[in-house]
Structure formats: C-alpha cells, structure tokens
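The values are calculated or read from the model by the stated rules, or taken from the named source; none is laboratory data. In this text, all values refer to a predicted model and were calculated from it rather than measured experimentally. Glycine gets a Cβ as well: all are built from the backbone with ideal geometry, and neighbour counts include every protein chain shown.
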C-alpha cells in the first residue's frame, strides 16, 4: 500500500510539497465555488494556498492520509487535489473522498477519475468499508461527481456552518 504514490488513466497522485503552494493559488482565481468550502475568503490567494497545503502536511503526519497533488500525465501540471480524509460528523467517524480542481480543469472528468481512484485505493487497501463525500446542497457539480462514484445521499447535515448532503458509497459486507 502506497497511498502517496498512485496512478489512474490520466492522472498521477503524490504527496504535496511546499513548492506546490504558488501553483495552488490558481485554485482560488476565478473560482465561483469557493463559498462551498468554508474558507476565510478575506485572505489572499497565497495565504489560502499555504493554509490548505500546510494542513495536508499535518494530516500526513497525524493520519497517514490527506489531499494528494493530482498531476495530469499529459502535461506534468498540478491540476487539483484529491484524497481520503478522516472526518468526525455528528459524533461518528468517517473517511471522506475529497476533491478540488483548478477551475480551468473543470468539466473534463478529472474529478470523477480522481474520486474513483481514491475510493478504489481505499477499498483495496481496507482503509474503510464505506466512504462519504460532504457536499454543499447547491454544489451540483460535486454532487454529479459523487453520483459518478456510485455514491448516494444518505442524510443532510451541517458541516462547518454549511448545510450539506452526505453522500456515501454502499457498505462492503
């Protein structure tokens, strides 16, 4: 099992590095979906990117999981992040399949490919027997990605002050 070195058809997945911080600032530019993420949007793009990536370094150390850099094989460019993230929600522990992509890479199937890879890795390596995705009620694009990953809404909740759907994969028995 090497969580930090994965591959799918068009994408490579690796640990994030400090050198990725300036590249990740592109995620915050012309992104009309940022309000779905519960971020402090008064911060600069660099501050947001630094905070996001630094949090992943903590997750790597504490949990052995977290967002991975998603690299497009054809170009070698960082185009997004995806990963498995432990979450506490309504007193229960879950593993979330999470994904975020730079806006210029939306609509190309990369989020679906990445989320399916994370679920496949998690199941094959027995990280959990069920995965969730926490998605804002109005984030229709992410809801479509979850559905393509064979997930369905199991309940509504509040997460970081936002009303969300909790999508889940079928439990493996």
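List of remarks:
- Qualifying residue in the stretch 145-153 (condition: surrounded by 16 or more Cβ atoms within 10 Å (Cβ to Cβ), touching a strand residue (DSSP E or B) at 6+ places or on another chain (Cβ under 8 Å) and part of a helix (DSSP H, G or I)): yes
- Taking the criterion of being in contact with a helix residue (DSSP H, G or I) (Cβ under 6 Å, 6 or more places away or on another chain), farther than 23 Å from residue 89 by Cβ and part of a loop (DSSP other than H, G, I, E, B), the only residue of the stretch 101-135 that qualifies is 102.
- Qualifying positions in the stretch 119-144 - without any contact (Cβ under 8 Å) to a residue 60 or more places away in the chain, within 24 Å of residue 107 (Cα to Cα) and surrounded by fewer than 20 Cβ atoms within 10 Å (Cβ to Cβ): 120, 137, 140, 143, 144
- Flag if residue 87 is within 14 Å of the chain's Cα centre (by Cα), part of a helix (DSSP H, G or I) and under 16 Å from residue 160 (Cβ atoms): no
- Among residues of the stretch 18-32 being surrounded by fewer than 17 Cβ atoms within 10 Å (Cβ to Cβ) and in a loop (DSSP other than H, G, I, E, B), the one that is modelled with the highest pLDDT is 29.
- Evaluation of residue 169 against the conditions (1) within 22 Å of residue 6 (Cα to Cα); (2) at pLDDT 95 or above shows that the sole unmet condition is (2).
- Comparison of 95, 101 shows that the only residue that is closer than 19 Å to residue 27 by Cβ and touching a strand residue (DSSP E or B) at 6+ places or on another chain (Cβ under 9 Å) is 101.
- Output for the stretch 38-84, where each listed residue is crowded, with 16+ Cβ neighbours inside 10 Å, touching a strand residue (DSSP E or B) at 6+ places or on another chain (Cβ under 9 Å) and not in a strand (DSSP E or B): 52, 53, 56, 59, 60, 65
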